[in-house]
Amino acid sequence: MYRNPAPTVDIIIELCDRAHRPIVLIERHNEPFGWAIPGGFVDYGESVEFAAKREAEEETGLQVELIEQLLVYSDPERDPRQHTLSIVFLATAIGEPKAGDDAKNLGVFEPWQIPEISHKLCFDHDHILRDYFKYRNYGIRPRLGIR
């Protein structure tokens, strides 16, 4: 029997109706506990784009517009539960997010607040957010991390 990584999506949601375009993070209700970029597993029979929109709505209550893909993150150690790969999307939304699905809590964070919680982020989301801010602020695309 073959073992393959499980495909997941993560969605960096910028609230474009607010100054500084803060991003939405969720506090996970299930293990691993901590703060995370909204996202989840791609279901059989759905595209990654559909999964991203579905997961964003389930976890934040927001209808998002997917803007672009940032990168695919696939380090076998990125998720302590199993080997996953994540297609990370940049998205925008308007409105008031509300914690749902497996989100225990939800927060809207200005860019300068992220370092304060980086030690509480799950998975490799601190790495993903560093890449995102370099791209957003300086136009520097993340480099592929082949090991």
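Bear in mind that the values in this text are calculations on the coordinates, not laboratory data. Predicted model only: the values in this text are computed from it and were never measured. No Cβ is skipped: glycine too gets one built from the backbone with ideal geometry, and neighbour counts run over all protein chains shown.
Things worth noting here:
- Under a Gaussian network description of the chain, with springs only between Cα atoms under 10 Å, the residue in A19, A93, A56 that fluctuates furthest is A19.
- Potential extension, A6-R21 segment - 0.36 nm per residue separation minus Cα distance: 2.3 nm
- Antiparallel DSSP beta bridges within the chain, percent to nearest 5: 65 percent
- Debye-sum result for the chain in log10 I(q)/I(0), which assumes one identical scatterer on each alpha carbon, at q = 0.13, 0.18 Å⁻¹: -0.53, -1.07
- Exposure rule at most 15 other beta-carbon atoms within 10 Å, DSSP loop GluC sites (Glu not before Pro): the chain longest free segment: 78-147
- Distant alpha-carbon pairs in region 69-147 (separation over 18 angstrom), percent: 52 percent
- Cα centroid of region 72-117 to Cα centroid of region 121-145, whole Å: 12 Å
- Label-point gap, in nm, between E77 and R141 - each point 7 angstrom along Cα→Cβ: 2.8 nm
- √(5λ) per eigenvalue of the Cα gyration tensor, region 51-102, largest first, Å: 23, 15, 7
- Shown in residue order for region 20-35 are the 3J(HN,Hα) couplings computed by the Karplus curve 6.51 cos²θ - 1.76 cosθ + 1.60 at θ = phi - 60°: 6, 6, x, 10, 9, 10, 10, 9, 5, 7, 10, 5, x, 7, x, 8 Hz (x for Gly and Pro).
- Highest-MSF residue in the chain out of Y132, Y73, Y44 [GNM, Cα springs under 10 Å]: Y44
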